[in-house]
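Rule-based calculations on the coordinates, nothing more; no lab input. Since this is a predicted model, take the numbers as computed values, not measurements. Cβ placement follows ideal geometry from the backbone for every residue including glycine, while neighbour counts extend to all protein chains displayed.
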Amino acid sequence: MPIRDARDIEAAWAGLFVGIEALAAQPSMRKAWLNGLRHIAPADVLVGLLDVVDTSVVRNLPTEVVDAVIAHPDRRIRSRLAQTRRGMSATQWAGLIAGETGTGRSHLQWLADWRGPKVAEAQFERWARDPDPRTRLQALWFRGLPQEQARALAADPDPEVRAEACGYAWPHLDPARRAALVGDPSPRVREAARRRAGFDRPMSRTEFDALTSTEQWRAVPVQLLGRDLAEHLVRGGDRGLRRTLVDKNERLDADLITELAHDEDPHVRAAVAVRADVTEELRASISAGLPPDTPYWAVRWVLESHDDPEAMRRLARSASIGIRRSVAQARRLPPDVVDRLSRDPDSHVSYNLATCCEDAPAEVLLEVALQGEDGFVARDHPNFPRHALLRFADDPDPLRRRLALESPESTPDLAERLADDPDERVRERAAADRRLSPATVLRLLDSTPRTRRAALGNRQLPVPALVRVLRDADTAEYAAANRAIPVAVVRRLAEVARAAELSDG
C-alpha cells in the first residue's frame with residue numbers, strides 16, 4: 001500500500017505538467033505561479049527569478065538572494081530591495097550604495113541612514129583606514145561617524161573622499177582646515193566645501209526668493225537663516241516649508257521655535273514637540289492640543305539614544321507621544337522603562353514595544369495580539385505566552401478564540417471545531433492549521449474567500465487537490481505558496497513560468 005500511495009502521488013505531480021506550456025502561455029497563470037513560488041522557492045531558484053518576479057515582498061529572504069539583488073544590473077530591482085528590506089547588514093547596504101551614482105546614491109544613503117544598522121566605532125575606523133578609497137568612502141554612508149574619522153577623511157588623499165567628507169567633518173574643522181578645503185586643488189572638493197561653507201552664512205529673504213523652488217526646499221533644512229528670512233518662513237508662506245524647517249533645521253532661534261509651537265498646522269506643532277531643543281513643558285502644552293489622529297514618525301535623535309539607559313528613562317516619561325513611540329522601538333530597554341511603556345495609554349507605544357523590543361512582556365504581547373488583524377505580529381516574539389492561550393478556546397471574543405490555536409497544547413479536535421467557527425477570522429486561522437485532517441482542508445476549499453486562501457496553503461491539502469488548484473488561475477497563487485510542494489516540482493514549475501514570462505516579454 002505505501003508503494004502504491006507513493007506512486008499515486010508521483011503520478012499526481014506528473015499530471016501537473018500535462019499541457020503545462022499552454023497554461024504558462026496565459027499571463028495570469030504564470031504570474032500567479034511566480035508570485036506564490038517566491039515564498040517557498042530555494043535561494044538558487046529565487047536568484048534565477050529576479051528578472052521576472054518581485055522578491056522584495058518575501059518576508060525571510062535568504063542572504064544569497066539579497067546579495068544577488070545587490071549585485072543585479074537592473075536598478076529597479078536594487079531599488080525595490082532598498083525601499084522594503086529590513087535588517088540588512090552595513091556591508092550589504094554599502095554594496096547597494098556602491099552600485100549607484102549621483103542622486104541615486106544620495107537617496108540610498110538617506111535610506112541607509114534611516115534603516116541601516118548602527119555601525120560600531122571600530123567598523124568606522126576600519127573603513128577609514130582601508131588602503132582602497134572606495135572602501136574609505138563607505139565610512140561616510142552611515143550615521144554615527146566619529147569626529148576623529150570625519151576629520152581624517154576630510155584630509156584624505158583621494159579627492160572623492162575629501163569632497164564627500166566635507167559635510168560630515170565641517171562642524172569639527174578649524175578655520176585653517178576649512179579654508180584649505182575651500183581652496184582645494186580639486187574642483188569637486190572646492191565646490192563641496194564652498195557649498196557647505198555657504199550654509200553657515202545667514203541667507204537673506206532676497207537671496208532665498210531668488211532661488212528656484214527645488215533650491216529653496218534644499219536650503220530650508222540646513223541653511224543658517226537671516227532673521228528676516230526666518231521670520232518670513234515661520235509666519236507665513238508654504239506650510240510644507242514650515243514643516244521641513246521645524247523638523248530638520250537645528251539652527252532656529254528659540255523664540256521662533258516657540259512661535260511655531262502655536263502654528264495653525266498640527267503637523268508643524270507636532271514636529272516642534274519632538275525637537276531635541278525644546279523643554280518638556282513646551283512638549284506638554286503642544287501635545288495637549290494635538291488632534292487624536294495626528295501622525296507620528298520615528299524621531300531620529302531618540303533612536304540614536306537607544307543605547308543610553310538614562311536617556312530612555314527620561315524620554316519614556318515625555319509628554320510627546322512621538323518620543324515615547326520612538327523609545328519603544330529600542331531593541332533592549334531597562335526593566336523599569338519597559339514597565340512604564342507597558343502601561344502607556346497610547347496603543348502604538350505597546351505595538352512598537354511588542355514588535356521591536358526583545359524585553360516586551362507577555363501581557364503586552366498578548367494585548368497587541370488581540371488588537372485586530374495587525375496584532376498577530378506579536379506571535380513571533382519569544383516572550384509570547386503560548387502556554388496560556390488554550391483557555392481562550394471557548395471565549396466569546398473571536399480574536400481570543402483564534403489565539404487558542406497558537407497554544408502548543410491545542411489539539412486536532414480543537415482545530416477541527418474552530419474550522420467551522422461562525423467567525424471567518426477564526427475559520428481562516430484554523431484553515432491554515434496543520435493539525436486539520438486532509439478531508440477538512442479539502443472541504444474548506446469551498447468556504448469563504450479568506451478561509452479558502454488559508455486552506456490553499458495548508459500542507460495537509462491532498463496532492464491531487466493541490467495539483468488541481470495549481471492549474472486554476474483563480475487559486476494558483478496561494479496554492480503555489482504551499483510548502484507541501486516538493487522542491488523538484490518547485491524548480492520545474494518556476495523554470496516553466498520564467499521561460500514563458502521572458503519569451504512573452
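Classify the range 334-383: rounded, prolate or oblate, from the alpha-carbon gyration tensor (a ≥ b ≥ c, eigenvalue square roots; a/c under 1.5 rounded; otherwise prolate if a/b is larger than b/c)? Cα axes put the range 334-383 in the oblate bin.
Each peptide in 290-297, 179-186 was scored by the mean count of other Cβ atoms within 10 Å over its residues; highest first, the order is 179-186, 290-297. The trypsin sites (Lys or Arg not before Pro) of the range 32-120 that meet both conditions, a loop assignment by DSSP and at most 12 other Cβ atoms within 10 Å of the site Cβ, are ARG59, ARG86. With the convex hull of its Cα atoms as the shape, the range 179-323 has an orientation-averaged projected area of 10.7 nm².
Determine which residues of the range 411-453 fall in the zone a paramagnetic label at ASP5 would reach in this model, i.e. backbone nitrogen under 14 Å from the point 7 Å along Cα→Cβ. Counting backbone N atoms under 14 Å from the label point, the list is 438-439. For the range 317-354, the list of trypsin sites (Lys or Arg not before Pro) that fall in a loop by DSSP and count at most 11 other C-beta atoms within 10 angstrom reads ARG331, ARG343. If R0 equals 41 Å, the separation of the Cβ atoms of ASP380 and GLU121 corresponds to a calculated FRET efficiency of about 0.80. Semi-axis lengths, largest first, of the ellipsoid equivalent to the chain are 50, 32, 20 Å, with √(5λ) applied to each eigenvalue of the Cα gyration tensor. With the convex hull drawn over the C-alpha atoms of the range 92-213, the volume per residue is 127 Å³.
Once C-alpha pairs closer than 8 Å and six or more residues apart are averaged by separation and normalised to the residue number of the chain, the relative contact order reads 14 percent. Taking only alpha carbon atoms, the range 1-159 gives an Rg to Rh ratio of 1.19, where Rh is the Kirkwood radius. Quarter the surface of the alpha carbon convex hull of the range 393-454 and you get the mean projected area, 3.6 square nanometres. Can you work out the FRET efficiency for the pair PHE17 and LEU303, with r the C-beta to C-beta distance and R0 = 41 Å, to the nearest 0.05? That gives a FRET efficiency of 0.20.
From a point 7 Å beyond the Cα of ARG86 in the direction of its Cβ, which residues of the range 298-320 have a backbone N at a distance under 19 Å? From the range 298-320, the list is 298-307. The stretch between HIS262 and ALA176, if pulled fully straight at 0.36 nm per residue, gains 26.7 nm over its current Cα-Cα span. Of the GluC sites (Glu not before Pro) in the range 231-306, the ones in a loop by DSSP (not H, G, I, E or B) with at most 11 other beta carbons within 10 Å are GLU250, GLU264. Cα centroids of the range 157-178 and the range 204-274: 27 Å apart. Cβ-Cβ distance of ALA25 and GLU416, R₀ of 60 Å, FRET efficiency by 1/(1 + (r/R0)^6): the value works out to about 0.90. ARG459 label point, 7 Å along Cα→Cβ, cut-off 16 Å on backbone N: hits in the range 386-428? Residues 412 fall inside that zone.
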